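Below is one structure, written out as C-alpha coordinates, with a few remarks after it.
The values are calculated or read from the model by the stated rules, or taken from the named source; none is laboratory data. Treat the numbers as computed from the prediction; the structure is a model and nothing was measured. Cβ: placed from backbone, ideal geometry, glycine included. Neighbour counts: every protein chain shown.
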Amino acid sequence: MNKIILFARLLRVSHWVKNLFLFIPLFFSGEIFNYSKVYLTSIGFLAFCIVASSIYILNDIKDLEFDKRHEEKSKRPIAAGKITKSTALILCVLLSIIGLSISFFLQLNFFFLLVAYFGINFFYSFGLKNISILDVILISCGFAIRIFAGGFLGDIYITEWLVIMVFLLSLFMAFAKRRDDVLIRNQNGTDIRLASKKYNLEFINTCISILAAIVILAYIMYTISPEVISRFHTDKLYFTSIFVITGILRYLQLTLVEENSSSPTKILFKDIFLQVTLIFWILAFYFIIYLNN
(Lines give C-alpha, C1' and ligand atoms only; values in the text may rest on other atoms or scores of the structure.)
Protein backbone atom coordinates (compact mmCIF):
# COMPACT_ATOMS: atom_id res chain seq x y z
CA MET A 1 0.00 0.00 0.00
CA ASN A 2 2.87 2.35 0.79
CA LYS A 3 4.33 1.74 -2.67
CA ILE A 4 0.99 2.62 -4.29
CA ILE A 5 0.87 5.88 -2.36
CA LEU A 6 4.51 6.55 -3.24
CA PHE A 7 3.95 6.10 -6.98
CA ALA A 8 0.70 8.07 -6.80
CA ARG A 9 2.71 10.96 -5.37
CA LEU A 10 5.35 10.50 -8.08
CA LEU A 11 2.67 10.64 -10.77
CA ARG A 12 1.02 13.56 -8.94
CA VAL A 13 -2.41 11.99 -9.30
CA SER A 14 -3.95 14.87 -7.37
CA HIS A 15 -2.83 17.19 -10.19
CA TRP A 16 -4.89 15.26 -12.72
CA VAL A 17 -7.75 17.56 -11.75
CA LYS A 18 -6.12 20.13 -14.06
CA ASN A 19 -6.94 17.91 -17.02
CA LEU A 20 -10.66 18.28 -16.31
CA PHE A 21 -10.25 21.40 -18.44
CA LEU A 22 -10.74 19.02 -21.38
CA PHE A 23 -14.41 18.82 -20.39
CA ILE A 24 -14.91 22.59 -20.31
CA PRO A 25 -15.84 22.85 -24.03
CA LEU A 26 -18.53 20.20 -23.49
CA PHE A 27 -19.93 22.03 -20.49
CA PHE A 28 -19.88 25.48 -22.08
CA SER A 29 -21.46 24.19 -25.29
CA GLY A 30 -24.34 22.44 -23.54
CA GLU A 31 -23.07 18.99 -24.62
CA ILE A 32 -22.07 17.61 -21.23
CA PHE A 33 -24.82 14.96 -21.46
CA ASN A 34 -23.85 13.82 -24.95
CA TYR A 35 -22.52 10.46 -23.81
CA SER A 36 -20.59 9.60 -26.97
CA LYS A 37 -18.65 12.87 -26.70
CA VAL A 38 -18.17 12.45 -22.97
CA TYR A 39 -16.81 8.95 -23.58
CA LEU A 40 -14.23 10.16 -26.14
CA THR A 41 -13.24 13.06 -23.92
CA SER A 42 -12.86 10.69 -20.95
CA ILE A 43 -10.40 8.53 -22.93
CA GLY A 44 -8.59 11.70 -23.93
CA PHE A 45 -8.54 12.76 -20.28
CA LEU A 46 -6.82 9.47 -19.39
CA ALA A 47 -4.23 9.92 -22.15
CA PHE A 48 -3.57 13.50 -21.07
CA CYS A 49 -3.15 12.44 -17.43
CA ILE A 50 -0.63 9.76 -18.39
CA VAL A 51 1.45 12.16 -20.49
CA ALA A 52 1.19 14.90 -17.85
CA SER A 53 2.50 12.46 -15.23
CA SER A 54 5.49 11.64 -17.44
CA ILE A 55 6.23 15.38 -17.58
CA TYR A 56 5.88 15.70 -13.79
CA ILE A 57 8.43 12.93 -13.34
CA LEU A 58 10.82 14.52 -15.84
CA ASN A 59 10.49 17.85 -14.10
CA ASP A 60 11.16 16.26 -10.69
CA ILE A 61 14.32 14.68 -12.08
CA LYS A 62 15.56 17.98 -13.48
CA ASP A 63 14.57 19.95 -10.35
CA LEU A 64 16.04 17.47 -7.90
CA GLU A 65 18.58 19.83 -6.33
CA PHE A 66 16.13 22.73 -6.15
CA ASP A 67 13.40 20.53 -4.66
CA LYS A 68 15.70 19.43 -1.86
CA ARG A 69 15.80 23.04 -0.66
CA HIS A 70 12.01 23.42 -0.59
CA GLU A 71 10.16 22.50 2.59
CA GLU A 72 7.26 20.79 0.75
CA LYS A 73 8.92 19.65 -2.48
CA SER A 74 11.74 17.93 -0.57
CA LYS A 75 9.13 15.33 0.43
CA ARG A 76 8.55 14.27 -3.17
CA PRO A 77 9.61 10.65 -3.84
CA ILE A 78 12.69 11.46 -5.96
CA ALA A 79 13.89 14.38 -3.82
CA ALA A 80 13.38 12.28 -0.69
CA GLY A 81 15.43 9.45 -2.21
CA LYS A 82 12.55 6.95 -2.06
CA ILE A 83 12.59 6.39 -5.83
CA THR A 84 15.81 6.40 -7.84
CA LYS A 85 16.34 8.67 -10.83
CA SER A 86 16.84 5.68 -13.14
CA THR A 87 13.56 4.07 -12.09
CA ALA A 88 11.75 7.38 -12.47
CA LEU A 89 13.25 7.96 -15.93
CA ILE A 90 12.16 4.52 -17.18
CA LEU A 91 8.64 5.15 -15.89
CA CYS A 92 8.65 8.59 -17.54
CA VAL A 93 9.48 7.10 -20.96
CA LEU A 94 6.90 4.32 -20.62
CA LEU A 95 4.13 6.73 -19.61
CA SER A 96 4.84 9.12 -22.47
CA ILE A 97 4.74 6.27 -25.00
CA ILE A 98 1.50 4.86 -23.59
CA GLY A 99 -0.25 8.22 -23.38
CA LEU A 100 0.76 9.37 -26.85
CA SER A 101 -0.17 5.98 -28.34
CA ILE A 102 -3.67 6.19 -26.87
CA SER A 103 -4.10 9.70 -28.27
CA PHE A 104 -2.88 8.63 -31.73
CA PHE A 105 -5.55 5.96 -32.05
CA LEU A 106 -8.19 8.17 -30.46
CA GLN A 107 -8.09 11.29 -32.63
CA LEU A 108 -5.30 12.62 -34.84
CA ASN A 109 -5.75 16.32 -34.03
CA PHE A 110 -5.85 15.46 -30.34
CA PHE A 111 -2.61 13.50 -30.81
CA PHE A 112 -0.87 16.51 -32.38
CA LEU A 113 -1.99 18.75 -29.53
CA LEU A 114 -0.76 16.26 -26.95
CA VAL A 115 2.58 16.08 -28.76
CA ALA A 116 2.71 19.88 -28.67
CA TYR A 117 1.90 19.82 -24.95
CA PHE A 118 4.64 17.25 -24.34
CA GLY A 119 7.12 19.23 -26.45
CA ILE A 120 6.43 22.54 -24.72
CA ASN A 121 6.79 20.96 -21.29
CA PHE A 122 9.91 19.03 -22.32
CA PHE A 123 11.69 22.24 -23.30
CA TYR A 124 10.16 23.95 -20.27
CA SER A 125 11.81 21.37 -18.02
CA PHE A 126 15.13 21.64 -19.88
CA GLY A 127 15.60 25.38 -19.59
CA LEU A 128 12.65 27.53 -20.64
CA LYS A 129 11.29 27.51 -17.09
CA ASN A 130 14.36 29.53 -16.10
CA ILE A 131 13.28 32.49 -18.24
CA SER A 132 11.04 34.77 -16.21
CA ILE A 133 7.63 35.67 -17.67
CA LEU A 134 8.10 33.03 -20.38
CA ASP A 135 7.83 30.39 -17.65
CA VAL A 136 4.30 31.43 -16.64
CA ILE A 137 3.26 32.02 -20.27
CA LEU A 138 4.17 28.42 -21.16
CA ILE A 139 2.23 27.08 -18.18
CA SER A 140 -0.83 29.00 -19.36
CA CYS A 141 -0.37 27.71 -22.91
CA GLY A 142 -0.70 24.22 -21.48
CA PHE A 143 -4.19 25.02 -20.22
CA ALA A 144 -5.15 26.59 -23.56
CA ILE A 145 -4.02 23.38 -25.25
CA ARG A 146 -6.32 21.41 -22.95
CA ILE A 147 -9.26 23.55 -24.10
CA PHE A 148 -8.50 23.00 -27.79
CA ALA A 149 -7.93 19.29 -27.13
CA GLY A 150 -11.35 19.00 -25.52
CA GLY A 151 -12.83 20.85 -28.47
CA PHE A 152 -11.36 18.42 -30.99
CA LEU A 153 -12.51 15.39 -29.01
CA GLY A 154 -16.03 16.75 -28.66
CA ASP A 155 -16.13 18.22 -32.17
CA ILE A 156 -16.94 21.61 -30.63
CA TYR A 157 -16.00 25.04 -31.94
CA ILE A 158 -13.84 26.87 -29.40
CA THR A 159 -14.67 30.55 -29.06
CA GLU A 160 -11.97 33.14 -28.57
CA TRP A 161 -13.60 34.19 -25.28
CA LEU A 162 -13.18 30.71 -23.81
CA VAL A 163 -9.50 30.55 -24.76
CA ILE A 164 -8.86 34.06 -23.42
CA MET A 165 -10.55 33.32 -20.10
CA VAL A 166 -8.73 30.04 -19.52
CA PHE A 167 -5.37 31.47 -20.55
CA LEU A 168 -5.71 34.53 -18.31
CA LEU A 169 -7.02 32.53 -15.35
CA SER A 170 -4.12 30.08 -15.54
CA LEU A 171 -1.68 33.00 -15.90
CA PHE A 172 -3.21 34.57 -12.80
CA MET A 173 -2.70 31.36 -10.79
CA ALA A 174 0.81 30.85 -12.17
CA PHE A 175 1.91 34.29 -10.97
CA ALA A 176 0.29 33.58 -7.60
CA LYS A 177 2.38 30.42 -7.37
CA ARG A 178 5.55 32.34 -8.27
CA ARG A 179 4.73 34.71 -5.41
CA ASP A 180 5.21 31.82 -3.01
CA ASP A 181 8.70 31.26 -4.44
CA VAL A 182 9.57 34.91 -3.86
CA LEU A 183 8.32 34.72 -0.26
CA ILE A 184 10.57 31.71 0.37
CA ARG A 185 13.54 33.59 -1.11
CA ASN A 186 12.81 36.61 1.08
CA GLN A 187 12.64 34.41 4.17
CA ASN A 188 15.74 32.26 3.75
CA GLY A 189 17.60 33.75 0.79
CA THR A 190 17.22 30.62 -1.33
CA ASP A 191 15.89 30.69 -4.90
CA ILE A 192 13.58 27.72 -5.48
CA ARG A 193 13.85 28.26 -9.24
CA LEU A 194 16.15 30.39 -11.37
CA ALA A 195 13.29 32.41 -12.88
CA SER A 196 12.40 33.66 -9.40
CA LYS A 197 15.50 35.88 -9.42
CA LYS A 198 13.72 38.18 -11.88
CA TYR A 199 10.57 38.47 -9.75
CA ASN A 200 9.78 40.51 -6.67
CA LEU A 201 6.63 41.00 -4.63
CA GLU A 202 5.80 44.41 -6.11
CA PHE A 203 5.94 43.12 -9.68
CA ILE A 204 4.00 39.93 -8.95
CA ASN A 205 1.34 41.72 -6.88
CA THR A 206 0.82 44.15 -9.76
CA CYS A 207 0.53 41.32 -12.30
CA ILE A 208 -1.90 39.38 -10.12
CA SER A 209 -4.11 42.43 -9.60
CA ILE A 210 -4.17 43.29 -13.31
CA LEU A 211 -4.92 39.71 -14.35
CA ALA A 212 -7.66 39.33 -11.75
CA ALA A 213 -9.43 42.38 -13.16
CA ILE A 214 -9.04 41.24 -16.76
CA VAL A 215 -10.30 37.72 -16.01
CA ILE A 216 -13.45 39.13 -14.41
CA LEU A 217 -13.99 41.55 -17.31
CA ALA A 218 -13.39 38.82 -19.90
CA TYR A 219 -15.96 36.56 -18.23
CA ILE A 220 -18.57 39.31 -18.09
CA MET A 221 -17.93 40.15 -21.76
CA TYR A 222 -18.33 36.47 -22.58
CA THR A 223 -21.69 36.19 -20.82
CA ILE A 224 -23.15 39.26 -22.56
CA SER A 225 -21.64 38.68 -26.02
CA PRO A 226 -24.30 38.40 -28.79
CA GLU A 227 -22.80 35.09 -29.96
CA VAL A 228 -23.25 33.45 -26.55
CA ILE A 229 -26.73 34.90 -26.03
CA SER A 230 -27.75 33.59 -29.47
CA ARG A 231 -26.26 30.14 -28.89
CA PHE A 232 -27.86 29.57 -25.49
CA HIS A 233 -31.05 31.55 -26.17
CA THR A 234 -30.68 33.45 -22.91
CA ASP A 235 -29.26 36.75 -21.72
CA LYS A 236 -29.12 35.65 -18.08
CA LEU A 237 -25.63 34.16 -18.01
CA TYR A 238 -24.21 37.37 -16.57
CA PHE A 239 -25.79 36.33 -13.24
CA THR A 240 -23.06 33.69 -12.91
CA SER A 241 -20.44 36.48 -12.82
CA ILE A 242 -21.03 36.90 -9.09
CA PHE A 243 -19.47 33.49 -8.43
CA VAL A 244 -16.50 34.20 -10.69
CA ILE A 245 -15.89 37.51 -8.93
CA THR A 246 -16.23 35.83 -5.52
CA GLY A 247 -13.81 33.05 -6.50
CA ILE A 248 -11.20 35.47 -7.83
CA LEU A 249 -11.45 37.65 -4.72
CA ARG A 250 -11.07 34.61 -2.47
CA TYR A 251 -7.98 33.49 -4.38
CA LEU A 252 -6.56 37.01 -4.06
CA GLN A 253 -7.24 36.87 -0.33
CA LEU A 254 -5.45 33.54 -0.01
CA THR A 255 -2.51 34.86 -2.02
CA LEU A 256 -2.06 38.38 -0.68
CA VAL A 257 -3.44 38.15 2.87
CA GLU A 258 -2.93 34.55 3.95
CA GLU A 259 0.12 34.15 1.67
CA ASN A 260 -0.96 30.68 0.67
CA SER A 261 -0.53 30.17 -3.06
CA SER A 262 2.13 27.48 -3.38
CA SER A 263 -0.19 24.99 -5.14
CA PRO A 264 -3.51 25.83 -6.86
CA THR A 265 -4.45 22.14 -6.71
CA LYS A 266 -3.98 21.95 -2.93
CA ILE A 267 -5.90 25.19 -2.48
CA LEU A 268 -8.83 23.81 -4.46
CA PHE A 269 -8.88 20.58 -2.44
CA LYS A 270 -8.56 22.28 0.95
CA ASP A 271 -10.37 25.62 0.75
CA ILE A 272 -14.07 25.10 1.48
CA PHE A 273 -14.94 28.66 0.46
CA LEU A 274 -13.55 28.12 -3.05
CA GLN A 275 -15.20 24.70 -3.31
CA VAL A 276 -18.62 26.09 -2.41
CA THR A 277 -18.18 29.01 -4.81
CA LEU A 278 -17.22 26.64 -7.63
CA ILE A 279 -20.20 24.38 -6.93
CA PHE A 280 -22.61 27.32 -6.96
CA TRP A 281 -21.09 28.61 -10.22
CA ILE A 282 -21.52 25.18 -11.85
CA LEU A 283 -25.10 24.89 -10.58
CA ALA A 284 -25.99 28.40 -11.75
CA PHE A 285 -24.47 27.86 -15.19
CA TYR A 286 -26.10 24.43 -15.43
CA PHE A 287 -29.54 25.78 -14.51
CA ILE A 288 -29.38 28.62 -17.02
CA ILE A 289 -28.13 26.73 -20.08
CA TYR A 290 -29.47 23.21 -19.43
CA LEU A 291 -32.72 23.57 -17.50
CA ASN A 292 -33.94 27.00 -18.49
CA ASN A 293 -34.05 26.34 -22.24
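Among the residues of the stretch 35-51, which ones are polar (S, T, N, Q) and over 13 Å from residue 110 (Cβ atoms)?
Selection gives 36 alone.
Tell me, please, whether a residue that is over 23 Å from residue 28 (Cα atoms) and either modelled with pLDDT under 85 or in a helix (DSSP H, G or I) (or both) can be found in the stretch 138-153.
yes
Can you find, within the stretch 108-137, the residue that is surrounded by the fewest Cβ atoms within 10 Å (Cβ to Cβ) among those that are among the hydroxyl-bearing types (Ser, Thr, Tyr) and in a helix (DSSP H, G or I)?
Filtering first and then ranking leaves 125.
For the stretch 34-107, which helices (runs of 4 or more DSSP H) that fit wholly inside it have 2 or more residues that are assigned by TED's automatic domain parsing to the domain that holds residue 138 and within 22 Å of residue 266 (Cβ to Cβ)?
Qualifying helices (runs of 4 or more DSSP H): 35-62, 64-67.
Name every residue in the stretch 77-86 that is surrounded by 14 or more Cβ atoms within 10 Å (Cβ to Cβ) and not basic (Lys, Arg), in order of residue number.
77, 78, 79, 80, 83 - these are the residues of the stretch 77-86 that are surrounded by 14 or more Cβ atoms within 10 Å (Cβ to Cβ) and not basic (Lys, Arg).
How many of the residues in the stretch 94-126 are free of Cβ contacts under 8 Å to residues at least 12 places away in the same chain and small (Gly, Ala, Ser)?
Residues in the stretch 94-126 being free of Cβ contacts under 8 Å to residues at least 12 places away in the same chain and small (Gly, Ala, Ser): 2 in total.
Does residue 241 qualify as being more than 17 Å from residue 173 (Cα to Cα), among the hydroxyl-bearing types (Ser, Thr, Tyr) and assigned by TED's automatic domain parsing to the domain that holds residue 208?
Judged against the criteria, residue 241 is a match.
Would you mind stating whether residue 60 is under 22 Å from the mean Cα position of the chain (by Cα), more than 30 Å from residue 27 (Cβ to Cβ), surrounded by 14 or more Cβ atoms within 10 Å (Cβ to Cβ) and not aromatic (Phe, Trp, Tyr)?
The answer is yes for residue 60.
Just for helices (runs of 4 or more DSSP H) wholly inside the stretch 181-287: which have at least 3 residues that are touching a residue at least 12 places away in the same chain (Cβ under 8 Å) and within 26 Å of residue 62 (Cβ to Cβ)?
264-270
Criterion first (outside the structural domain of residue 206 (by TED's automatic domain parsing) and buried (at least 17 other Cβ atoms within 10 Å of the Cβ)) does residue 166 satisfy it?
no
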